[in-house]
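The values are calculated or read from the model by the stated rules, or taken from the named source; none is laboratory data. Treat the numbers as computed from the prediction; the structure is a model and nothing was measured. For neighbour counting, all protein chains shown are included, and Cβ atoms are generated from backbone atoms with ideal geometry for every residue, glycine included. Quick note on the areas: whole protein, heavy atoms, side chains included, nothing else; ligands and nucleic acids left out. Shrake-Rupley method; radii C 1.70, N 1.55, O 1.52, S 1.80 Å.
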Amino acid sequence: QVQLVESGGGLVQAGGSLSLSCAASGLTFSTYGMGWFRQAPGKERDFVAGISWRGGSPLYADSVKGRFTISRDNAKTMVFLQMNSLKPEDTAVYYCAARWRMVVPGPASEYDYWGQGTQVTVSS
């Protein structure tokens, strides 16, 4: 079965950096667009960044443009999210998601497979 496993979350001070990873298995990774979403307590699951099956120009939420970078390694079947200049409002559970071919900036229901999430906490 399809598995997406996130790692790399943790606690960081404002202005710091974290790097998230998502290891995928059970799917033909190179044919799937990969996205990162986040969900804060009491809020909806929101799109953060996405990269389509061929790579190309990634998509980013306005709130993270210029601070976050998404990348993928098809040989390792992994997707990454480099997060710099973190802010307290970036605090959330971050989820990796897969969608066949192209990514879209949400809603979450557009995505086919999900990881279990990893907590990112940014202290002020």
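Length gained on full extension, S109 to S71, computed as 0.36 nm times the residue gap minus the Cα-Cα distance: 11.5 nm.
Within the listed set A75, A23, A49, the residue fluctuating most in the Gaussian network model of the chain (springs between alpha-carbon atoms under 10 angstrom) is A75.
Computed on protein heavy atoms with a 1.4 Å probe, the accessible areas place W53, W100 in the order W100, W53, largest first. For the range 60-105, the residue among Y60, Y95, N74 whose Cα projects farthest onto the positive side of the dipole built from Cβ charges is N74.
Residue-normalised convex hull volume from the C-alpha trace of the chain: 90 Å³ per residue. With all protein chains kept in place, the per residue accessible area of the range 25-124 amounts to 50 square angstrom at a probe of 1.4 angstrom.
Computed over the chain with a Gaussian network model linking Cα atoms closer than 10 Å, the most mobile of Y60, Y113, Y94 is Y113. Only Cα pairs under 8 Å and 6+ residues apart enter the sum, and on that basis the relative contact order of the chain stands at 36 percent. Per-residue accessible area (protein heavy atoms, 1.4 Å probe) orders V48, V104 as V104, V48, starting from the largest. Which of G50, G16, G26 moves most in a GNM of the chain, Cα contacts under 10 Å? Checking each option, the largest mean-square fluctuation is seen for G26. When only the Cβ of Lys, Arg, Asp and Glu is charged (+1, +1, -1, -1), the dipole of the chain relative to its Cα centre reaches about 220 debye.
Considering only alpha-carbon pairs that sit under 8 angstrom and 6 or more positions apart, the relative contact order computed for the range 13-66 is 25 percent. The figure for T121 is an accessible area of roughly 50 square angstrom, using a 1.4 Å probe on the protein chains alone.
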